[in-house]
Amino acid sequence: PCSRRLARLKAQHVGKPRAPPATTRLEVGAGRSSLRERFMPPLAIDCGSGGTRIFRLLDAGVERLPWPDGEKAPVLSHILASADGRAAFAAAVSKLPSDDIFVGATAGVRHALDSGAASPADIEALRTLLPAGASLELLSPLDEARFELAALRRQRPGCSAAMLSMGGKSMQLGSEGRLVSLPFAMHLGHDLLKADEGTTFSDTVGRAAQAYAVAAASAIAAQKLEPLGGLVVGVTDVMDVAEPLGLVDQPPLLAPELVVRLESLVAELRKSGGPGDLSRSSLHLLARALALAAVARTLLAPTATLIFPSAVRVSWTEGYFVSGRPGRESE
């Protein structure tokens with residue numbers, strides 16, 4: 001009986017064209033519900049100063065994906081000037097399961113261009129190596145700020161609070177119509193602390209604090225910034241400082257109170273004999289605390305209140321997914 005049934009099935013389909021296989025590139029309907037976007041979703045690659053991360057959009061937030069072949073992702077600003085580095089980066093991108101890939105370079109690459117460690121020609125050379133459907137853009141400071149704010153708004157609908165964000169080489173602050181990017185963050189103090197050129201480590205910490213104060217004053221003068229009041233939500237690496245301070249998911253904290261907490265943390269860490277006595281994470285924490293204290297003193301009004309919600313996990317890539325290409329709007 002089975003063989004006769006099989007023969008009948010074959011006869012029914014003789015001469016009929018076969019339907020195309022349901023591949024992940026097959027469009028079904030319109031909008032974001034297509035099979036193509038379910039199985040080959042658009043991806044965004046965050047090329048920051050401390051690492052390279054791949055994300056795809058979820059209904060809530062974004063999901064980080066592994067670098068192809070289980071390899072450690074390169075820091076784009078470190079390999080951009082190398083032909084071999086560019087080739088390896090492009091080869092890895094070509095293995096990603098999508099033909100809609102946005103590669104966004106942030107403050108690390110901006111700094112590499114400013115310092116001469118990389119050139120615009122290096123960026124163009126990498127663009128030519130990327131697979132079809134992949135694009136590479138250098139995000140402006142305000143692009144980064146706008147995307148992070150869009151991510152915050154998506155995660156907290158109806159929230160009109162300002163944002164305070166920190167990365168490796170830049171910080172973002174503000175809300176719609178008043179977004180600013182500060183050209184300093186953790187790396188400024190970290191490099192000074194690691195060099196430890198003071199007479200004592202406590203002196204080195206003081207020099208790093210002064211460097212942040214000068215950087216904040218310079219940004220205020222260059223951008224004509226005024227202190228920000230109202231409610232401010234700490235996101236990204238700001239949360240890495242809030243957590244050891246016990247501020248996560250706590251009631252709003254006034255900016256001057258935050259400064260006091262940060263000064264206490266810095267005082268404790270500066271008791272160490274030098275950078276060699278601190279773990280890598282503790283050295284990063286000290287640099288971030290110094291940066292955040294400088295911003296809280298000068299760019300937050302005394303009436304500003306801050307919250308640090310654990311449920312908010314901001315990545316500029318989420319804002320990119322919901323906002324579109326960089327530079328589409330101006331601040």
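Taking each residue of the range 295-311 that is charged (D, E, K, R) and looking for partners that are crowded, with 22+ Cβ neighbours inside 10 Å with beta-carbon atoms closer than 8 Å, six or more apart or interchain, yields ARG297/ALA216. Residues in the range 245-267 that are assigned to a helix (DSSP H, G or I) and open to solvent by less than 50 Å² (accessible area, probe 1.4 Å): ALA255, LEU258, VAL259, LEU262, LEU265, VAL266, ALA267.
Is at least one residue of the range 92-102 in contact with an Asp or Glu (Cβ under 8 Å, 6 or more places away or on another chain), within 20 Å of LEU179 (Cβ to Cβ) and either touching a residue at least 24 places away in the same chain (Cβ under 8 Å) or surrounded by 22 or more Cβ atoms within 10 Å (Cβ to Cβ) (or both)? Scanning the range 92-102 turns up no residue that is in contact with an Asp or Glu (Cβ under 8 Å, 6 or more places away or on another chain), within 20 Å of LEU179 (Cβ to Cβ) and either touching a residue at least 24 places away in the same chain (Cβ under 8 Å) or surrounded by 22 or more Cβ atoms within 10 Å (Cβ to Cβ) (or both). When ALA195 is tested against (1) among the small types (Gly, Ala, Ser); (2) at pLDDT below 95; (3) more than 22 Å from SER115 (Cβ to Cβ), just one condition goes unmet, and that condition is (3). Is it fair to say THR303 is out of contact with any strand residue (DSSP E or B) (no Cβ under 9 Å at 6 or more places or on another chain), under 18 Å from GLY174 (Cβ atoms) and either surrounded by 21 or more Cβ atoms within 10 Å (Cβ to Cβ) or at pLDDT 95 or above (or both)? Against the criterion (out of contact with any strand residue (DSSP E or B) (no Cβ under 9 Å at 6 or more places or on another chain), under 18 Å from GLY174 (Cβ atoms) and either surrounded by 21 or more Cβ atoms within 10 Å (Cβ to Cβ) or at pLDDT 95 or above (or both)), THR303 does not qualify.
Take the conditions without any contact (Cβ under 8 Å) to a residue 24 or more places away in the chain and closer than 14 Å to GLU318 by Cα and apply them to GLU63. Does it pass? Here the answer is yes, as GLU63 does meet what is asked. Considering the conditions (1) more than 24 Å from the chain's Cα centre (by Cα); (2) in a helix (DSSP H, G or I); (3) farther than 18 Å from ASP196 by Cβ, GLU226 is excluded by exactly one of them, (2). Listed conditions (1) more than 14 Å from ILE45 (Cα to Cα); (2) touching an Asp or Glu at 6+ places or on another chain (Cβ under 8 Å); (3) open to solvent by 10 Å² or more (accessible area, probe 1.4 Å) are all met by ILE79, apart from (2).
The values are calculated or read from the model by the stated rules, or taken from the named source; none is laboratory data. This one's a predicted model, so the numbers in the text were calculated from it and none came from an experiment. Methodologically, a virtual Cβ is constructed for each residue, glycine included, from the backbone with ideal geometry; neighbour enumeration extends over all protein chains shown. These area figures cover heavy atoms from the full protein model, side chains too; ligands, DNA and RNA do not enter into them. Shrake-Rupley method; radii C 1.70, N 1.55, O 1.52, S 1.80 Å.
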